[in-house]
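The structure under discussion appears below in the form of structure tokens.
The values are calculated or read from the model by the stated rules, or taken from the named source; none is laboratory data. Fair warning: this is a prediction, and the values are worked out from it, not measured in the lab. Virtual Cβ from ideal backbone geometry, glycine too; neighbours counted across all protein chains shown. Please note that ligands, DNA and RNA were not included when accessible areas were found on the heavy atoms of the full protein model with its side chains. Shrake-Rupley method; radii C 1.70, N 1.55, O 1.52, S 1.80 Å.
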Amino acid sequence: MSDLIQIAQDTILVPVGLIETDLDRMLGELTGSAIDAADIYFQSSRLESWVLEDGIIKEGSHNIEQGAGIRAISGDKTGFAYSDELQLPMLLDAAKAARAITSSGGDRTVRITGKEVAGRQLYAPINPLPSLSETEKVELLRRVDAEARKQDPRVKQVIVSLVGAQDVVLVAAIDGTLNADVRPLVRLNVHVIAEHKGRREQGSSGGGARDAFDFFLQEERALGFAQEAVRQALVNLEAVEAPAGTMPVVLGPGWPGVLLHEAVGHGLEGDFNRKGTSAFSGRVGEQVASSVCTVVDDGTLPGRRGSLNVDDEGTESQYTVLIEKGVLKGYMQDKHNARLMKVDSTGNGRRESYAHLPMPRMTNTYMLAGESEPDEIISTVEKGLYAVNFGGGQVDITSGQFVFSASEAYLIENGKIKQPVKGATLIGNGPDTMTRVSMVGNDLKLDAGVGVCGKEGQSVPVGVGQPTLKIDELTVGGTGQ
Amino acid sequence: MMDMQQRQRQLEQLVDDLLTEAKRCGATAAEAGVSSDAGLSLTVRMGEPETIEHTRDNGLGVTVYFGQRKGSASTSDLSPQAIRETVEAACNFARYTSEDVCAGLADESLMATNLPDLDLYHPWDLTVDDAIALATRCETAAREEDERIFNSEGATLNSHSGLHVYGNTHGFIGGYPSSRHSLSCAVVGKEDESMQRDYWYTLSRLSEQLESPEAVGQVAARRTVSRLGARPITTRQAPVIFQSDVAVGLLRSFIGAIRGSALYRKASFLLDTLGDQLFPDFVRIYEEPHLLRGLASAAYDNEGVATTHRSYIQDGLLQSYVLDSYAARKLGMQTTGNAGGVRNLRIDSGSLDLAGLLKKMDSGLLVTELMGQGLNMVTGDYSRGAAGFWVENGEIQYPVEEITIAGNLREMFMGLQEVGTDVETRSSVQTGSWLIDRMTIAGG
């Protein structure tokens, strides 16, 4: 038995007196001739957050959640119930409710075999919460605040938040799966407001990883976030109106990879493609992007925010090529959609918690490096936009429309980066936009680790990344000329 | 389900236990909330049940004060042991947070003493089979409405009931059950190369007040096919109508900008505007927290403070901010009983329905969908993806997509020409459609 399964059993099952034969009994409750798949997902999570504002430690809070979600699938029908009381009678009730999607059931016993797992550890199975003492956490917040304030007298407000979480999950399924993961996650965010001559602007920065809190002390990362947030706010104090209309757009490396997340990522999730509601449905093997584009979803990067040892269905995460040299290679799958599409799960079955159903979700989605020098890319633009930082994005996977909002951008004139412009939304059509990517830089960078993706009301941590790239034509939603 | 009154007594006892435990641990003040919800969420897709989810959610949260230091903790576990651990965790945090002169419970004299029954609890005695039948009727109506509807994301029925109890060490305790039911439908249409999806939904505290399943399905289908063949328009300046369901977002942004937490952080474009003209003279915006059966009705706010009818905009002038006790102390003001937000916000309608607004606009853009979060609350700069229809001579000409609309909210508020009579009622913030004089549209 892997260490992770042992930790998960010790964390979740032992304290409530559940033993492995109880799992067999629950799974037995979920079997029957009409049931194609069923699983039980146990979760225990603890989260801690701290907020510094106005120079004082204003808030500290702690949250503990635990429960089990039970799912039974018959054909393309799914029955689901969950309980936050981990007692056998409640769990058996939940199993009966989930199984009620079919009229028959409960006629088979299941033995969990516990498939041999490679024991891969992309991150240490730690609880990050005690990795710094409370005094050290408070000290870290104060140092970040001081660092931001000392950058420039125009800084008027600094908000620093520090969040740590540990998520322990254990999955057992009637196909014999027994797998577990212990997922640490930390995040630090800095938000500043700068004021000059009556004008106020904001800047924000942050980062995180599946690691302990001392991640922020290494390489003075936390202080770097403070400097970066102030730099952005000061740049925005100088920003002029953003242009309105279509123009060439150069996206910087790293976080602007939110482009890929929105323009192609969601549209390549298995559920939409099984149902035929995505603009990319039925297009495997077709050219859907320019030949300089290779896009992957990679849950196997050590320590990354979007990485998973195993997904929430117990499948090992993978490196999945979505688009290779512009050709669509495949979709991201969970078990349910993979079974219905007669392919294998790609380890993308994720859920916000035990109280939510899993579905195909991204992990870390990025574009591989190309061959162009970033300077060379900018030098080819006569008049356009250079966007380096973004807020969120959104996509309509059916029409392919997507948006993402620049929070730091500059005009490009005659191949040179000029004055900063105010934030503006960029809009395009995913498949069209990807065919207009004409140059890809050699400077692949992943984001700093703060991404949250929302789908059907469920939030999960994700990563994005890309090299500098040029889109020949994209609509920029400013107010200027 | 257990008798609601009995369950409410149980949750009140839990709150009492939490507060007692907090005092035992040395807290000088404390507040606690406990909630318990249960429901059914079910989707029918392509005529077959797709998912059936039985939901049951519990939660408790406690905030303790040691003088003016604060700590909080929450859990989904309502057991006695969890209560002790949660209070202990909150107290532990209070050892490390700073003295904050503004921290603390709301003033005792402001606690609500009259807790009227606002008639928010109307459980729906609905079997899974009944629910499947209703969702099936809804989706079938959508799929049969137009031959261009070729696919579906399904029809979803939600029915939830719950209880929420709040109490604090001033001796305030309040609690009430509530219910919420909805039916939604999303379908996909195709014509030539264009594929579009759209949706519609109905929402109420009473199942009897939901629109018929067929009506919901038909509107979803009509909205979907009306978007087929959408195209960008060229970059220009033009008047814009925000259809009522998206105009709700503008009203929410206004409230967000006069909220205390944004003001004391200087993170609002409406700093220091009390008494200023923010809208044209004809505009009146107000809050009615005591509406019977209202989607956001409550007799007390999240701190136990009595809620009241409140005017925010009268004759275009800002009358009040939206404050909880913390923000109020930060700003040297009095709480407005808005911990947790505004409850049933309304803006007065004029005399024109949507067709009338289109006539008044003559030529411009009707926005029916917005995309992205392109709003900077510090500056009011607004830039969002949009879809809708181009209008000429007061008539819809063709569907539009892949465009952005941009402006500054302060100017957009002053540029409000008319509010329609087509009030969006499925929201805690209710408004008719807005006609705004001019925005920048960026497109192909």
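Observations on the structure shown:
- The residue of region A:51-81 that is modelled with the lowest pLDDT, among those that are farther than 14 Å from A:L27 by Cα and more than 7 Å from every other protein chain (Cβ to nearest Cβ), is A:G75.
- Single condition B:L78 does not satisfy, out of (1) closer than 30 Å to B:T127 by Cα; (2) outside any strand (DSSP E or B); (3) in contact with a helix residue (DSSP H, G or I) (Cβ under 7 Å, 6 or more places away or on another chain); (4) open to solvent by 40 Å² or more (accessible area, probe 1.4 Å): (4)
- The residues in region A:424-454 that are open to solvent by 10 Å² or more (accessible area, probe 1.4 Å) and within 14 Å of chain B (Cβ to nearest Cβ) can be counted, and the count is 6.
- Scanning region A:14-34 for residues that are more than 13 Å from A:L92 (Cα to Cα), touching a residue at least 60 places away in the same chain (Cβ under 8 Å) and open to solvent by 10 Å² or more (accessible area, probe 1.4 Å) returns A:V16, A:E20, A:S33, A:A34.
- Single condition B:I83 does not satisfy, out of (1) modelled with pLDDT under 95; (2) over 30 Å from B:K330 (Cα atoms); (3) open to solvent by 20 Å² or more (accessible area, probe 1.4 Å): (3)
- Whichever residue in region B:414-442 is out of contact with any Asp or Glu (no Cβ under 6 Å at 6 or more places or on another chain) and either under 30 Å from A:M247 (Cα atoms) or within 14 Å of another protein chain (Cβ to nearest Cβ) (or both) and, among such residues, is surrounded by the fewest Cβ atoms within 10 Å (Cβ to Cβ): B:R438
One line per residue, one yes/no per condition, for (1) within 30 Å of A:R71 (Cα to Cα); (2) open to solvent by less than 10 Å² (accessible area, probe 1.4 Å); (3) within 14 Å of chain B (Cβ to nearest Cβ):
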site	(1), (2), (3)
A:Q318	yes, no, no
A:H336	yes, no, yes
A:K342	yes, no, no
A:P358	yes, no, yes
A:A369	no, no, no
A:I378	no, no, no
A:G393	no, no, yes
A:Y410	no, no, no
A:E413	no, no, no
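- With respect to being of a type outside the set (D, E) and buried (at least 24 other Cβ atoms within 10 Å of the Cβ), B:G332 falls outside the description.
- Verdict on B:T308 being assigned to a loop (DSSP other than H, G, I, E, B) and either among the β-branched types (V, I, T) or crowded, with 20+ Cβ neighbours inside 10 Å (or both): yes
- Residue selection: B:L78 satisfies the criterion of being among the aliphatic types (A, V, I, L, M), within 24 Å of B:Q5 (Cβ to Cβ) and at the interface with chain A (Cβ under 10 Å from one of its Cβ atoms).
- Of the residues making up region B:94-109, those that are open to solvent by 100 Å² or more (accessible area, probe 1.4 Å), part of a loop (DSSP other than H, G, I, E, B) and not hydrophobic (A, V, I, L, M, F, W, C) number 2.
- For region B:1-28, the tally of residues that are closer than 14 Å to B:G167 by Cα and open to solvent by less than 20 Å² (accessible area, probe 1.4 Å) stands at 5.
- Within region B:226-250, residues that are within 14 Å of chain A (Cβ to nearest Cβ) and under 19 Å from A:G478 (Cβ atoms) sit with their Cβ atoms under 6 Å from residues that are open to solvent by less than 30 Å² (accessible area, probe 1.4 Å) and assigned to a loop (DSSP other than H, G, I, E, B), at 6+ positions apart or across chains, in these pairs: B:P232/B:G443; B:I233/B:G443; B:T234/B:G443; B:T235/B:G443.
- Residue within region B:284-294 that is open to solvent by 20 Å² or more (accessible area, probe 1.4 Å) and among the β-branched types (V, I, T) present: no
- Selection count, region A:373-388, where residues are over 27 Å from the mean Cα position of the chain (by Cα) and either of a type outside the set (D, E) or closer than 24 Å to A:G480 by Cβ (or both): 8
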